[in-house]
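Notes to accompany the following structure.
Values in this text are rule-based calculations from the coordinates and carry no lab data. Here the structure is a predicted model, which is why all the values come from computation and not from measurement. Cβ: placed from backbone, ideal geometry, glycine included. Neighbour counts: every protein chain shown.
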Amino acid sequence: MSTAVAIFEQKHVPQPRQVGKPGGFLRRTNAVTALVSGVVLAAIFYVATGAIVNAVTGGGQQDDLSLPEGLQVQITMMYVGWILGFMGGIGAFAGPIRWFLGHDLTYADAEYMAGKDMGRKKFWKYTTDHKVVGIQYLVVMLVLFGFGGLLAMLIRTELGITWAEVFNPNFYNSLIGTHGIVMIIAMIIAVSGPLGNFIVPLMCGARDMAFPRLNALSIWLLVAAVPPLVSNLLMGGIRDGWTVYQPLADQAPVGMIGYQICIIVFAFSTGIASVNLITTIVAMRARGMTWSRVPIFVYGVMGSAIMGLVWFPMYQYSQILALSDRVLQTSFFTPATGGSVWLYENLFWLLGHPEVYVIVLPATAALLELMPVFLRKPLFSFKLAIAGIFGIVGLSAVVWVHHMYMTGWAPQSNYPFMLSTELISIPFSFLLLVMLGTMWRGKPWARLPMMAVYAVIWNKVIGGITGVYLSDTPVDQYMHGSMFVVAHFHFMLMGAGLFGAMGAIAYWFPKMTSRYFDERYGKIGFWIAFAGFQVTFFAMFVAGLQGMPRRVLQFDNAFNVANWVSTIGAYVIGIGMLVFLYALVISWRSGELAPGNPFGAHTLEAQTETPVPHENFPVLPVVTSDPYDFGVPDPYELEDEELIREAEGASKVGAS
Amino acid sequence: MSAAAESLSPTTGETVTVIERRNRMGMWLIIVSCSTGTVALLVAYAYLWSLNVNSAWAPPAGTANWAPVWPFWVIFTGMFVATLLLWRGQQLIARGNSRALVRDSALASLILLLCFVGQVVQIATFPFGPQDGAYASSTLWLATANCIWLFMALFLTGAVMNRTRAGRITPESRGHARLVAMFLTYLCVAAFLGSVFTTVMQESPNTGSPVFGTFKE
């Protein structure tokens, strides 16, 4: 597929003066220094802000600190201190300061920052190598899933034990809200984080991402954003669901500030990652990789990054303004003083709905990527798949109002948005059609990644069809706010997103870790989780159709059976996920060593050796064929054969 | 220019042209993302202005006033001049005049510093507090966002000056100056739109908005 061209000889490039040892300040920073400086600066900001608030409001009276406003300012500044301290402690400010002062990195500096020859220490540092960042994303994602999953188990325990109350209602509501947003963040990064960073540059034939330092910044901003979110449980919690609608959120305890700070910082992380991914894909593709030769997974990640880039700032600003309402007493979302809750809902859902596609697109594209490999036949209608991806990206901008049918905002807009929402099922169906077309008359290789394809097709059909019902205004009037909605979006986000991510990670696991994924335990865990998933959420559909509202911990006895079944299903999911995690851990620790191209793929990431060399490719590749030409005769081979035949013919003519 | 004669990056060994093309694209994407945020603020302003919820768009009568609009325009003019200076500097360095970029970026930094101070003074002397209704909130945040942008612009133009003096920005490799000029142009557009909104949209057109009560618990 590729030939080699060396593009540079590093030793001939004039270097800036090396000041000190390579890496400079970054030699002394790591996750521990980040943690320590984050905690210290958070404490300093908390105390200093307290003193200032005291001085301003009452000349150092202790009582003033107990005022909600004073305390909220203190907590906010504490989180700001945490973020600044953590990012400073990991070394994020060293690059900008060095740049400001007019110093450039030398090659040795860049090599140090990329973690060359650093061993496992590089995973704990501000490392710029995209492969390290990919692994860091994977670990952060697993931690978030573990935490979010644990909260899900607690929620289902409360709902399953119908004869008693396990948690008090406020804490239960906090569990719901925290579970929701933790899982949303985890799902947003599930594929685009680990695989977007590790695999996409390799697939494009690049040596690294376009902006390696921004890459390190994006992962460490994410790491910094998580503790404020988790800490909300200790400070009154998020009691308003993951959407934190106003004005409820404005009246919530100070734990809400942790949510808002987390989203503001996470949006920066996502924006930076999106800029990096899009630029890498557009500007750093290997020679010969025309747009018709770009792997479909790369298209999926790019579509997701475009939506994240454009829409995330809306969500970010909704939280900035909400935080301002709490801390500065502004009135963006407070009707009594001229604000509007509809403004919040619009800003929120402008990202809130595209975010579903931010999650589902890369996972779906990953499955489309691996299907030709396990079916040994070309991807069916490559262009239709691209049309599906960009159709979703385009239409995602005009569907957000279907979340607001029942809010009373602009009722005349309901039907146009109903139409646009139903329209988006068409590009979605394109992707399903491509999946089915690729499978048609194929001979599947029954490996775990291929199992994920079957699971996701089923889940996506269920989630998609129920989504069409919910986008219908009259139906939504009945279904809105019920468990039916909860089941629907779990089928999309978990059923299509998470199960797709599991397949994708199993597929690229050998490339990322140099070891085969243990498919025996992996398959057992996967199918147990899948079975549990069906039980849990079909029971939830039933409860929703019976009329059970969501976000309640006390309900009528009529819903008991559905909730018992659902809770049993959730525990089964938990068991399946633990088995899958066990497979992942033992594979990573002591799995069978994998070759560079364990499944015989044609894409560029499979053409480099495993473990992937520091600079990815010894020489930059040149692409000469499509990535899915399985079973298609190589035109160059055909050409060679024709030449040979012509030569043989000529020699025969000469001999005669 | 042939690739052999072009400057090469010390860290990646690629030609400067390749890297600059990539950086430009990154900057465009950053501008797109930042624009969405600016649009969010402008939409918030226009939406609340048009609704006049609870008749509370305007600051309470007798206690506060509309903000004077001239400071917005003065600050915007300063930003505009600083942006022009930086564009001129990076064009002059293309003709081999490095000193011109040092001078122009220093001047741009000075102007932006004055704008920054002016913005802080404007925020501190608004004739209303953040709690005085939706107009006060929206105007305060447009000004605050501009203040944050000005701080960042100051950092960037200062860096251009330092880097040109240190010989990092040269006639052959002036991409960073161009990137900063691009970003400043975006900031100018954002400041211009903010100034237009605060000038044109003061009294709400919705004079008969319903009264919702206080919504107090």
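Got a sec? How would A:Ile135, A:Ile263, A:Ile457 order by Cβ neighbour count within 10 Å, fewest to most? If you can, show how the numbers build up before the last one.
On the way: A:Ile135 21, A:Ile263 28, A:Ile457 17.
Listed from fewest to most nearby Cβ atoms, that is A:Ile457, A:Ile135, A:Ile263.
From other protein chains only, count the Cβ atoms within 10 Å of every residue's Cβ in A:94-105, then give the mean.
Across the residues of A:94-105, the mean count of other-chain Cβ atoms within 10 Å is 4.
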Inset, instruction - May I ask which of A:Lys131/A:Lys460; A:Lys21/A:Lys125; A:Lys377/A:Lys460 have a Cα-Cα span longer than 20 Å here? - result: A:Lys131/A:Lys460; A:Lys377/A:Lys460
Legend entry - Paramagnetic reach from A:Arg120 (point 7 Å along Cα→Cβ, amide N under 17 Å) across region A:515-551: A:515
Legend entry - Loop trypsin sites (Lys or Arg not before Pro), region B:25-103, which have at most 14 other Cβ atoms in a 10 Å radius of their Cβ (DSSP): B:Arg95
Inset, instruction - Give, rounded to the nearest 20 debye, the magnitude of the charge dipole that the protein assembly as shown has about its Cα centre when Lys and Arg contribute +1 at Cβ and Asp and Glu contribute -1 at Cβ. - result: 1760 debye
Legend entry - Selection from B:Asn146, B:Leu184, B:Ile169 lying farthest towards where the dipole of region B:138-217 points positive, charges on Cβ: B:Ile169
Legend entry - By average C-beta atoms within 10 angstrom, highest first, the peptides B:194-205, A:461-472, A:175-186, A:496-507: A:496-507, A:175-186, A:461-472, B:194-205
Legend entry - Sorted by Cβ density within 10 Å, fewest first, the residues A:Val373, A:Val226: A:Val226, A:Val373
Legend entry - Length-normalised contact order of region A:16-119 in % [C-alpha pairs under 8 Å, at least 6 apart]: 43 percent
Inset, instruction - Compute the distance in nm between two label points, each set 7 Å from the Cα along the Cα-to-Cβ direction, one at A:Asp556 and one at A:Ala55. - result: 6.1 nm
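Trypsin sites (Lys or Arg not before Pro), restricted to region A:428-460: which are DSSP loop and have at most 11 other Cβ atoms within 10 Å?
A:Arg441
Taking 8 Å as the Cα distance limit and 6 or more residues as the minimum spacing, I'd like the relative contact order of region B:11-200 as a percentage.
33 percent
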Legend entry - Label-to-label distance, nm, for residues given as A:Arg376 and A:Val585 (7 Å Cα→Cβ offset): 3.7 nm
Legend entry - Averaged over B:32-43, number of beta-carbon atoms from partner chains that fall within 10 Å: 6
Legend entry - Amide N of region A:481-507 lying under 15 Å from the label point, which is placed 7 angstrom from the Cα of A:Leu545 along Cα→Cβ: A:483-488
Inset, instruction - Provide A:Trp527, B:Trp49 in ascending order of the number of other Cβ atoms located within 10 Å of each residue's Cβ, fewest first. - result: A:Trp527, B:Trp49
Inset, instruction - Ignore the peptide's own chain and count Cβ atoms of other chains within 10 Å of each Cβ in B:155-166; give me the average, rounded. - result: 3
Inset, instruction - Treating each Cα of the protein assembly as shown as an identical point scatterer and ignoring solvent, apply the Debye formula and state log10 I(q)/I(0) at q = 0.05, 0.07, 0.08 Å⁻¹. - result: -0.30, -0.59, -0.77
Legend entry - Acute angle (nearest 10 degrees) that the helix B:98-124 long axis makes with the longest principal axis of chain B, alpha-carbon atoms: 10 degrees
Legend entry - Three-way shape label, chain B, alpha-carbon gyration tensor, a/c 1.5: prolate
Inset, instruction - Round to the nearest 10 and give me the degree value, 0 to 90, for the angle of helix A:354-375's Cα axis relative to the longest principal axis of chain A. - result: 30 degrees
Inset, instruction - Work from the charge dipole of the protein assembly as shown (Cβ charges, +1 for Lys and Arg, -1 for Asp and Glu, about the Cα centre) and give the residue of A:Leu593, A:Gln477, A:Trp291 farthest towards its positive end. - result: A:Leu593
Inset, instruction - Identify, among A:Thr364, A:Ile575, A:Gly236, the residue whose Cα sits farthest towards the positive end of the charge dipole of chain A, taking +1 on the Cβ of Lys and Arg and -1 on the Cβ of Asp and Glu, with the dipole about the Cα centre. - result: A:Ile575
Inset, instruction - Determine, from the Cβ-Cβ distance of A:Ala48 and A:Arg441 and an R0 of 41 Å, the FRET efficiency 1/(1 + (r/R0)^6), rounded to the nearest 0.05. - result: 0.05
Inset, instruction - Report the extension gain between A:Tyr245 and A:Glu609 in nm, rounded to one decimal, defined as 0.36 nm multiplied by the number of residues separating them, less their alpha carbon distance. - result: 126.1 nm
Inset, instruction - Give the long-range amide H neighbours of A:Leu620: residues separated by 5 or more places, or on another chain, with amide H under 5 Å away, using H modelled in the peptide plane at 1.01 Å from N. - result: A:Val5, A:Ile7
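If you place +1 on the Cβ of every Lys and Arg and -1 on the Cβ of every Asp and Glu, how big does the dipole about the Cα centre of region B:11-200 come out, in debye to the nearest 20?
Computed charge dipole of region B:11-200: roughly 800 debye.
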Inset, instruction - Using only the alpha-carbon atoms of region B:58-113, report the extent along each of the three principal axes, biggest first, to the nearest angstrom. - result: 60, 15, 11
Inset, instruction - May I ask you to order B:169-176, A:600-607 by the average number of other C-beta atoms within 10 Å around their residues, highest value first? - result: A:600-607, B:169-176
Legend entry - Neighbour net charge for A:Arg27 - beta-carbon separation under 15 angstrom, K R +1, D E -1: +4
